[in-house]
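These notes concern the structure reproduced below.
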């Protein structure tokens with residue numbers, strides 16, 4: 001997958017089928033758009049499938065601050081590539097581009113720079129200066145410039161429209177079953193496995209630790225049934241999300257979250273793309289965190305059942321399947337170990353490992 005990020009003077013060299021949106025979470029509605037353009041490109045020789053999205057998000061830009069999202073930039077890139085997208089355009093939201101009129105947006109970017117032969121968008125799309133561009137603007141542009149367009153209705157779940165906002169609320173409340181249904185797959189936390197104090201290892205229950213970047217929405221702190229995707233395959237697991245609520249040797253609670261994290265907390269594991277660059281596909285790197293020691297970082301610690309491999313420094317993905325219980329404080333190592341053992345036994349039943 002080719003990635004074009006942070007520039008406006010790009011030029012595609014072939015006709016394209018374009019899906020436009022913010023794609024936070026890449027939920028079922030988003031996937032329907034992407035599947036539509038991938039199918040179109042496969043049915044029309046020489047046409048590339050293109051996802052056009054915004055970075056930063058419109059919400060973050062207009063608020064003047066970063067808001068956590070369901071999927072980080074890196075996670076979106078992984079998903080788009082897996083879905084067969086040929087080109088990803090991460091269009092910059094800035095003081096210049098935000099004032100582009102809807103008509104200019106279509107003529108300059110969709111028609112001239114992307115050579116759009118086909119455009120897919122949701123019925124609630126808004127774009128251009130003051131968000132004045134909508135589905136009708138896309139249709140009118142098709143008549144004027146000659147591209148085909150497909151405006152897709154919202155996908156529903158339990159009688160209500162699926163939206164990123166609805167999914168965010170469910171994630172934040174720990175209601176992971178409807179989250180899975182609306183996303184089309186379980187909610188994931190991704191990154192490289194980092195070293196902690198190895199307390200779990202000393203207790204006979206080693207964990208794979210991920211630092212959760214600050215631009216990633218997470219559910220309640222506590223324990224989840226989970227699955228871990230490693231280079232070796234998919235493994236049953238149980239995960240704790242929190243600021244490492246462990247106990248020090250002296251019995252004093254402490255947070256142990258020193259790790260490697262990038263400036264913005266995101267893992268660029270699928271491409272070496274920087275602002276203002278165009279990049280071709282490159283194999284994921286497991287070591288693209290910059291060295292920066294930090295405290296009080298949110299972590300996802302996963303105990304993997306029947307697993308005995310060294311995966312420190314490896315890229316993994318953790319699916320959070322179901323929220324079990326909230327974060328707890330412990331007065332001693334023995335109390336912590338006893339609760340971990342109970343959680344692990346509960347996970348065995350959930351994963352049918354008996």
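Being part of a loop (DSSP other than H, G, I, E, B) and surrounded by fewer than 18 Cβ atoms within 10 Å (Cβ to Cβ) is the filter; apply it to the range 34-68 and report the residue that is nearest to the chain's Cα centre (by Cα).
So the residue we want is 68.
Residues that are under 24 Å from residue 69 (Cα atoms), assigned by TED's automatic domain parsing to the domain that holds residue 59 and at pLDDT 95 or above: does the range 108-121 have at least one?
Scanning the range 108-121 turns up at least one residue that is under 24 Å from residue 69 (Cα atoms), assigned by TED's automatic domain parsing to the domain that holds residue 59 and at pLDDT 95 or above.
Quick one: residue 31 ticks every box in (1) within 23 Å of residue 190 (Cβ to Cβ); (2) over 16 Å from the mean Cα position of the chain (by Cα); (3) modelled with pLDDT of 95 or more bar one, so which box is it?
All conditions are met except number (2).
Got a number for residues in the range 322-351 being within 24 Å of residue 232 (Cβ to Cβ) and touching a helix residue (DSSP H, G or I) at 6+ places or on another chain (Cβ under 6 Å)?
Residues flagged as within 24 Å of residue 232 (Cβ to Cβ) and touching a helix residue (DSSP H, G or I) at 6+ places or on another chain (Cβ under 6 Å) within the range 322-351 amount to 1.
If we scan the range 101-116, do we find a residue that is more than 18 Å from residue 22 (Cα to Cα), surrounded by 21 or more Cβ atoms within 10 Å (Cβ to Cβ) and touching a residue at least 24 places away in the same chain (Cβ under 8 Å)?
There is at least one residue in the range 101-116 that is more than 18 Å from residue 22 (Cα to Cα), surrounded by 21 or more Cβ atoms within 10 Å (Cβ to Cβ) and touching a residue at least 24 places away in the same chain (Cβ under 8 Å).
Can you name the residue in the range 143-165 that is assigned to a helix (DSSP H, G or I) and surrounded by fewer than 17 Cβ atoms within 10 Å (Cβ to Cβ) and, of all such residues, is nearest to the chain's Cα centre (by Cα)?
Initial filter on the range 143-165 (assigned to a helix (DSSP H, G or I)): 143-145, 164-165.
Applying the additional criterion that residues be surrounded by fewer than 17 Cβ atoms within 10 Å (Cβ to Cβ) yields 143-145, 165.
Working: 143: 35, 144: 36, 145: 34, 165: 15 Å.
Within the range 143-165, the match that is nearest to the chain's Cα centre (by Cα) is 165.
For residue 84, all conditions in the list (1) assigned to a helix (DSSP H, G or I); (2) under 27 Å from the mean Cα position of the chain (by Cα); (3) surrounded by fewer than 16 Cβ atoms within 10 Å (Cβ to Cβ) hold save one; what is the number of the exception?
(1) is the only condition that residue 84 fails.
The conditions are (1) surrounded by 15 or more Cβ atoms within 10 Å (Cβ to Cβ); (2) over 19 Å from the mean Cα position of the chain (by Cα); (3) modelled with pLDDT under 85; (4) farther than 30 Å from residue 86 by Cα, and residue 297 fails exactly one of them. Which is it?
Single failed check for residue 297: (2).
Name every residue in the range 130-142 that is in a helix (DSSP H, G or I) and touching a helix residue (DSSP H, G or I) at 6+ places or on another chain (Cβ under 6 Å), in order of residue number.
Result: 137, 141.
Give the number of residues within the range 117-130 that are without any contact (Cβ under 8 Å) to a residue 12 or more places away in the chain and surrounded by fewer than 14 Cβ atoms within 10 Å (Cβ to Cβ).
Counting residues in the range 117-130 that are without any contact (Cβ under 8 Å) to a residue 12 or more places away in the chain and surrounded by fewer than 14 Cβ atoms within 10 Å (Cβ to Cβ) gives 1.
Is at least one residue of the range 186-206 at pLDDT 95 or above, touching a strand residue (DSSP E or B) at 6+ places or on another chain (Cβ under 7 Å), in a loop (DSSP other than H, G, I, E, B) and over 24 Å from residue 30 (Cβ atoms)?
No, every residue in the range 186-206 fails to be at pLDDT 95 or above, touching a strand residue (DSSP E or B) at 6+ places or on another chain (Cβ under 7 Å), in a loop (DSSP other than H, G, I, E, B) and over 24 Å from residue 30 (Cβ atoms).
Which condition number does residue 237 fail, the rest of (1) closer than 30 Å to residue 313 by Cα; (2) at pLDDT 95 or above; (3) surrounded by fewer than 16 Cβ atoms within 10 Å (Cβ to Cβ) being met?
(3)
Taking residue 229 as meeting all but one of (1) at pLDDT below 95; (2) surrounded by fewer than 21 Cβ atoms within 10 Å (Cβ to Cβ), write down the number of the exception.
(1)
The values are calculated or read from the model by the stated rules, or taken from the named source; none is laboratory data. Given the structure is predicted, the values throughout are model-derived calculations rather than measurements. Here Cβ is always computed from backbone atoms with ideal geometry, including for glycine, and neighbour counts include all displayed protein chains.
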